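The structure under discussion appears below in the form of structure tokens.
The values are calculated or read from the model by the stated rules, or taken from the named source; none is laboratory data. This is a predicted model, so every value here is computed, not measured. For neighbour counting, all protein chains shown are included, and Cβ atoms are generated from backbone atoms with ideal geometry for every residue, glycine included. To get the accessible areas, we keep the full protein, side chains included, count just its heavy atoms, and leave off ligands, DNA and RNA. Shrake-Rupley method; radii C 1.70, N 1.55, O 1.52, S 1.80 Å.
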Amino acid sequence: MNTVTGLVLRYRRLVGLFWLIALLVGGYASATITSHLSQSFEIPGTPSAIANSAIIGTYRSGGSETPLVPVIKLPAGSSATQPAVTAGLRAGFAAAGAVGAGPVGASRVVSFATTGDRRFVSADGRTTFGLIFTPTFGNPQQDPAVPAAAVQRALLAHLPPGTTVAVTGITPLTNTGSSGQGAGVLEEVLIGGLGALAVLAFVFASFLALVPLLVAAVSITTSFLAVLGLTYLTSINFVTQFLVSLIGLGVAIDYSLLLITRWREEIARGSDNTAAIRIAMGTAGRAIVFSGVTVALGLLALIALPIPFVRSIGFGGMLIPLVSVAVTITLVPAMLAGAGRRLDWPKLRHEGNPARGWTAWARLVVRRRWLAAVAGLAVLIPLGIAALGIHVGDASVNSLSRSGQPRQGVRLLERAGIPTGVLTPIEVYVPPGASPGQVIAVASRVPDVRTAVAPGGPSWRRHGSALVTVLPVTDGPSSAGQATVAAVRDALTRAAPAVLVGGYGASLVDQVHSLYGSFPYVLAGLAIITFILLARAFRSLLLPAKAIVLNLLSVGAVYGVLVLVWQDGNGSRAIWGLPATGAITAWIPLFVFAFLYGLSMDYEVFIISRMREEYDRTGSTDEAVITGIGRTGRLVTSAALILFLAMAALASAPFTFLKIFATGVGAGILLDATVVRSLLVPALVSLFGRWNWWLPAWAARLLRVRAQPIAGLGDQSRAEHLPAG
């Protein structure tokens, strides 16, 4: 850090020019990156991916892409089984299938009119539905969009006057319900930035509040530039742009906040500007580097998983903390050296002494350490128990949208007694030589299957192969829906091993297995690497072990929050107007873990590094706890509030899954900054006493730091535990 500081101070104008260029070029990259990002969540090599590839390759539609589902409510006195109405349905669905036809052909259509299957019609005959599998190239970015309004018009032109047609489906529900009520990336960054400015103005009470926002702007745009470069080497998922924007906003501000606060503290102690910068870089700057590497390691867990879209988000996400560290430890000291004193005006807040409120709180926690520890665990453990009921899959149909034509279509189905499982059909690819009739017979006998059909014609029979569409009773994202997919797959594997089972539900089943099958090994490797890094940073064996355990407890509590708020619906309707999802989107628990594991380590490193510094100075654990919390409490709380505001902005994003993700990370930040860092960390460090600082000679040699044997600490019992007064 001394070398970096010296170079930055010597060439501060060049440093400023470099980051100005990065800001301008990165701004251009952020404006153009969307078209370079992938929309795919497919996992190659799984049984469903193989089936979907065969379906798309042969029929150019369907696979993991769910169909449009026109729902038709006929006027009183009409029935879908009346010959004239049936003929109109046949002509209407043929016209609807021709909408959006391109070089790969028209849509595949299945309905009562094309199959004669009465289970496409309600009991009273007035409501019917069909499935329109729109053309696809296998790449959602290039697939032609089939407008629902055009499908609606094509059907109404052939149906009796007074007929109601509402086009629904998983994609229309997602796009209309979620994206119709959310902000874009730029709006979210502005919302989060305004909230951050308010917090920073309170923390600094001077124009220094603008510096972290500038650092965040440079970090975010530079990260977008790096992500744009990655898109030319590998596929990067579109979720990355949201994470770079909002996580980058929070992390970059956190790091600059820590460094500037320490600089102000040294200025208040009487150091000149250059000396204050050097001390701040040697203490806070070192903690920032360790924090950034630890956050990046949390995202390394995603890269280690053999899933392309997860890896791509891991690659993109890793850039956020690393770029933020680079900007903070170069641009901030350069700005402080050039204009720091002038920016620190009006100087309404002084950093000469620890915050009185946080010092008093730390003394109370140390005096009542057992009570504080029990209180903290009393919050985390029940939430962790609630997490045991988590179901990973995808948001239920009813939680995707509450208004619009797609929601009207779902209501028409429900009122007619038709289950929403028809929105997520199971597609079965029947290769040459296999019998579609056998597949229908076997699939129809599986419990929770409404019907199975194999229409004729070139849209459904090509090159000796055939497609069978299986309509489940329960929608694919639910646990019952996934059980139905597994049952259909098992039954067909026994009866007709050559057939391939695909579709949206099958993709979800395989996604869950792929995401979490090897995750325990990734988690173990991550814990080991984190332990080594923190042991070197803290010069201790007990402190990193405590940090890892508390982080896991904290993440478990966050999963409990997701179960209670979203899966069970205790709050999702009140806050977002969405009912219980019934499941948590499969990748969200993994991503929440990766980000929270790293972000919460930020606070751990900030607090424990300061405690370590104070312990080395005083030799008293309790004094180290009190001074450490007094110096970092306001900082950590402010940083957590900024990140929470960033997550609140992300919760306004145009997708339900991003709302769920933001809820998880936001709840984790609040729990970590309050229950964990304000209660459990000071209480446990005080309880552990001198054992916090134990580092035997063999471990010190491996870590290349100074040994700290327990017998040589010289820490007396009276110094360990302060009197109650």
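Just a few scattered comments:
- The charge dipole of the range 613-654, taken about the Cα centre with unit charges on the Cβ atoms of Lys, Arg (+1) and Asp, Glu (-1), comes to about 280 debye, rounded to the nearest 20.
- Nearest-20 debye value, the range 268-402 charge dipole, Cβ charges on Lys, Arg, Asp, Glu: 640 debye
- Positive minus negative residues near Ser479 (Lys, Arg vs Asp, Glu; Cβ under 14 Å): -4
- For Val4 and Ser271, the difference between the fully extended length at 0.36 nm per residue and the C-alpha to C-alpha distance is 94.1 nm.
- By the helix-only formula, in which each DSSP H run with n ≥ 4 contributes -39500 (n - 2.57) and the sum is divided by residues, the chain has a 222 nm mean residue ellipticity of -20000 deg cm²/dmol.
- Peptide packing for 273-279, 476-482, 66-72 was compared via the average number of neighbouring C-beta atoms within 10 Å per residue; ordered from the highest value, the list is 66-72, 476-482, 273-279.
- Accessible solvent surface per residue of the chain, calculated while the other protein chains remain in place, 1.4 angstrom probe, Å²: 36 Å²
- Stretch in the chain that is longest and holds no chymotrypsin sites (Phe, Trp or Tyr not before Pro) that DSSP places in a loop and that have at most 15 other beta carbons within 10 Å: 233-725
- Computed over the chain, the P(r) tail beyond 38 angstrom holds 44 percent of alpha carbon pairs.
- Charge context of Val488, other residues only, Cβ under 13 angstrom, K/R +1, D/E -1: +1
- Which of Ile528, Leu508, Val453, positive extreme of dipole for the range 428-537 (C-beta unit charges): Val453
- With a cut-off of 9 Å between beta carbons, the residues surrounding Pro455 carry a summed charge of +2, where Lys and Arg count +1 and Asp and Glu -1.
- Label-point separation in nm, Ala545 to Leu14, each point 7 Å along Cα→Cβ: 4.8 nm
- Near-label residues of the range 105-125 by backbone N, under 20 Å of a point 7 Å along Cα→Cβ of Ser79: 111-125
- Calculated FRET efficiency, Ile528 to Leu371, Cβ-Cβ distance, R0 = 51 Å: about 0.95 to the nearest 0.05.
- The charge dipole of the chain, taken about its Cα centre with unit charges on the Cβ of Lys, Arg, Asp and Glu (plus for the first two, minus for the last two), comes to roughly 840 debye.
- Note on the chain: dipole from Cβ charges, positive end direction compared against Thr240, Trp19, Ala648; the farthest Cα belongs to Trp19.
- Share of carbon and sulfur in the accessible area of the chain stands at 64%, probe radius 1.4 Å.
- Each eigenvalue of the Cα gyration tensor of the range 400-544, multiplied by 5 and square-rooted, gives one semi-axis; in descending order these are 42, 23, 13 Å.
- Between the helical axis of 210-231 and the longest alpha-carbon principal axis of the chain there is an angle of about 50 degrees.
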